[in-house]
Amino acid sequence: MLKLLKNLKKSFWSVIVIVVLLCVQAQADLALPDYTSKIVNIGIQAGGIETAVPEVIDKDNMELLLMFSDKKEEIVSNYSLLGDNLNEKEKKIIKKYLGKDEKKIEPNTIYVLNQIENDKKQELASILSVPLMEIATIKNEETANQIKEKMIANIPETQKTYIQNKSLLEIIKNMPEEQRKQALQQFSEKINNMADSIREQAAISSVKEIYKELGVDTNKLQNDYILLSGIQMLGVALITMISAVSIMFFSSRVAAYLGKTLREKVFAKVLQFGHKELREFSTASLITRTTNDIQQIQQLITMLFRVVVYAPIIGIGGFIKVLTNSDNSMAWIIGVAILAILFIVGTLFIIAMPKFKKLQELTDKLNLVSREILTGLPVIRAFHKEKKEEGRFNEANKDLMKANIFVNNAMSTMMPLLMFVMNAMMLLVIWVGGHGVEEGLLQVGDMMAFIQYMMQIVMAFLMISMISIMLPRASVSANRINEVLETKPSIEDKEVTKKLNAEKKGLVEFKNVSFRYPDADTEILEDINFTAKPGETTAIIGSTGSGKSTVVNLLPRFYDVTGGELLIDGVNVKEVAQKELRDIIGFVPQKGILFSGTIESNIKYADENMTDERMIEAAKIAQATEFIEGKEKKYQDEIAQGGSNVSGGQKQRLAISRAIAKDPEIFVFDDSFSALDFKTDSALREALSQKTENKTVIIVAQRISTILNADQIVVLEEGKVVGIGTHEELMKNNETYRQIALSQLSEEELSSEAKQEKQKNQEGKEA
């Protein structure tokens, strides 16, 4: 897999952008639970008041605070008593809380909080929380009466009447400091023993009452806080959305570009393959690797960035947030969730992994069977074997279906199990958190934030688990693609190649050539010796399986000789660049192959820029103009894939036209006249003899009539040359050739055909 990822080098900057955007999105996602917590804790429960530190407080309440606190200097030093002239900060605070012009404020009646840092503000909140609660208690009529009754229970009757007519606040104000502390000691101890969160909420409620006494619109204060927090949340959510859309855009582009690059590399590699490699991989397998396997890699890359970068940031960042921003007593729940997820994913991974490896092999098999059936459809119909082939296809299809069902079942089982874990953990958080809220150890907003963090962490692991399911199949696909890319072609150019010898132009020499297929035990060709000269026609004939096609396939290096030497233009073909070698050969294979396009594009295949005159001349020589001119669009008429909309004879003539239009030094016809009738065959060879007057022509043929007047005929039997000569010479001296000839024509017909061919050739030369 890592080898294939090296192809992302060209998308380096896109990958950097994706990573940056993922970090931005992760940070935005991690910030949202904090906003939820603040809206619930501060906006709803605390009425928009963030801390137990009043930003504005009247002089009377300030005196009470100082009276109930033993840290008077620390409190007073953080506040300023408003005089006649206000600074900008003081004006803003008055405007925010009182909604009044500073001129309407009576001097020396209101204290305003100084500009202090957050840490110092938190310390001040801790100092003020107890006195604020004490003030709130004293101002509460019911609680105040209870405290008052306890205070006057032990005093003389003469003083009770006087004290009963006074409020608790007036009584406490008139008490000496020591007596006041003693009177409120029990109550102060209860406040100090409270949970921090309860004491803080109660202190904030006291601040709210102080604001109300000042005339602050606390409803507006609350609404403004919630509205501002909501706008900030929307902004963060917008950043998340833009980042997510941009990430998917760039990820899709990177994945698509990687897929394009891999397809190009695989296809370019396959074009270098010889018959050996094509036989090893099979066409069906190469198609699967170029399409389905690369698609698996492409899909993985689209998801990989979000998991490799995003999931760890969310997982680790969320866990840190849980430990630092809220009560960490529930952190163990996340640990349990992670262990449960890893156990489920690990188990399914072990079970499903073998099937992932098998899946691609079964896809290959289905493609192979489908291709065989579709290409062999005429034969299947002719032998009425539709049912048999249908059964073969169904068997391959059923095997693939079973593997897919197993894999899909594993995927389908995993998601409900993981969702069950997530929902179970959520219930556990609510259960544990609910008790914490009840006991005052946790605020509702903190519990909600914890739930969100937990879901983010679990979702991060869910994403990783999804990749862990995709990864095995993609890994198998990556190995299959690497197999193709790392396969060394059996036929390669040497680092230093030789140029063809112009003085021996068109000369073909077989010197003790032998050949065996890779991994074969016996030689297919042995000790082949003959020379094909320019201006002459060399024919190769022999029984089926004698090695005729193998001999001509050695010329353009479709195979390399395993023994001896094959020289073209006086140079060993192994020492010539393949492109240079094939440029001088016009090869017409045994099976005429056409490409989808037009008649023109097929004839001009060697050179798209060749003139129309040259194309038409080639078609005339190949006797193809008759059926071309009969078509509605003539040379612009469409050719279907594989030439399925033309007959076998028409296909062969177009293939021959293509080779003639190339105008090479050497023509190689591998039984290319088999689909032509005798009249067309004769006319074609007569026209061809004029075109190839100074060319080397090598013809593989089954029909004796095609090669009667060849300058030399090479007779093969079981991969060996058993005779070389003209038709007349071989009829006299070679029994193998004589048997082949007499199996097709009688002696009288052979003699008559030979005379006619000889006369036509003579007339052609004179013309």
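The values are calculated or read from the model by the stated rules, or taken from the named source; none is laboratory data. From a predicted model like this one, the values you see are computed outputs, not experimental measurements. FYI the Cβ positions are ideal-geometry reconstructions off the backbone, even for glycines, and counts take in every protein chain you see. Calculation scope for accessible area: heavy atoms of the full protein, side chains included, ligands and nucleic acids excluded. Shrake-Rupley method; radii C 1.70, N 1.55, O 1.52, S 1.80 Å.
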Query raised in the report: How many residues, within region 88-108, are surrounded by fewer than 13 Cβ atoms within 10 Å (Cβ to Cβ) and assigned to a loop (DSSP other than H, G, I, E, B)?
Result: 6
Report summary line: By residue number, the members of region 572-616 that are among the charged types (D, E, K, R), open to solvent by 50 Å² or more (accessible area, probe 1.4 Å) and closer than 13 Å to ALA659 by Cα are ARG582, ASP583, ASP607, ARG614
Report summary line: Restricting attention to region 531-567, the residues that are open to solvent by less than 10 Å² (accessible area, probe 1.4 Å) and over 48 Å from the mean Cα position of the chain (by Cα) number exactly 7
**Report entry** Residue selected from region 263-287 under the condition farther than 14 Å from ASN482 by Cα and either touching a strand residue (DSSP E or B) at 6+ places or on another chain (Cβ under 8 Å) or among the small types (Gly, Ala, Ser) (or both), by the criterion most open to solvent (accessible area, probe 1.4 Å)
**Finding:** SER282
Query - Every residue from region 667-690 that is hydrophobic (A, V, I, L, M, F, W, C), more than 10 Å from ILE656 (Cβ to Cβ) and either open to solvent by 50 Å² or more (accessible area, probe 1.4 Å) or touching a Gly at 6+ places or on another chain (Cβ under 6 Å) (or both) - result: ALA675, PHE678
Query raised in the report: Considering region 591-612 alone, what residues qualify as being farther than 17 Å from PHE667 by Cα, part of a helix (DSSP H, G or I) and not β-branched (Val, Ile, Thr)?
Result: GLU600, SER601, ASN602, ASP612
**Report entry** Filtered residues of region 326-344 (kept if open to solvent by less than 30 Å² (accessible area, probe 1.4 Å) and modelled with pLDDT under 75)
**Finding:** SER326, MET330, ALA331
Query raised in the report: Could you say which residue among THR680, THR706 is β-branched (Val, Ile, Thr) and without any contact (Cβ under 8 Å) to a residue 60 or more places away in the chain?
Result: THR680
Requested in this report: Scan region 732-751 and give yes if some residue there is at pLDDT below 80, open to solvent by less than 10 Å² (accessible area, probe 1.4 Å) and not in a strand (DSSP E or B), otherwise no.
Outcome: yes
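Would you mention how many residues in region 399-458 are part of a helix (DSSP H, G or I) and touching a residue at least 12 places away in the same chain (Cβ under 8 Å)?
38
Conditions tested, residue by residue: (1) among the polar types (S, T, N, Q); (2) touching a helix residue (DSSP H, G or I) at 6+ places or on another chain (Cβ under 6 Å); (3) on the phi > 0 side of the Ramachandran plot.
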site	(1), (2), (3)
HIS275	no, no, no
GLN295	yes, no, no
GLN299	yes, no, no
ILE313	no, yes, no
VAL322	no, yes, no
GLY335	no, no, no
ILE341	no, yes, no
VAL345	no, yes, no
PRO354	no, no, no
Report task. Among the residues of region 504-538, write down those that are among the polar types (S, T, N, Q) and either free of Cβ contacts under 8 Å to residues at least 40 places away in the same chain or out of contact with any strand residue (DSSP E or B) (no Cβ under 9 Å at 6 or more places or on another chain) (or both). Result -> THR522, THR531
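Looking at region 695-715, can you tell me whether even one residue there is surrounded by fewer than 19 Cβ atoms within 10 Å (Cβ to Cβ) and modelled with pLDDT of 85 or more?
yes
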Report summary line: With criteria (1) open to solvent by less than 80 Å² (accessible area, probe 1.4 Å); (2) at pLDDT 65 or above, PHE249 comes up short on (1)
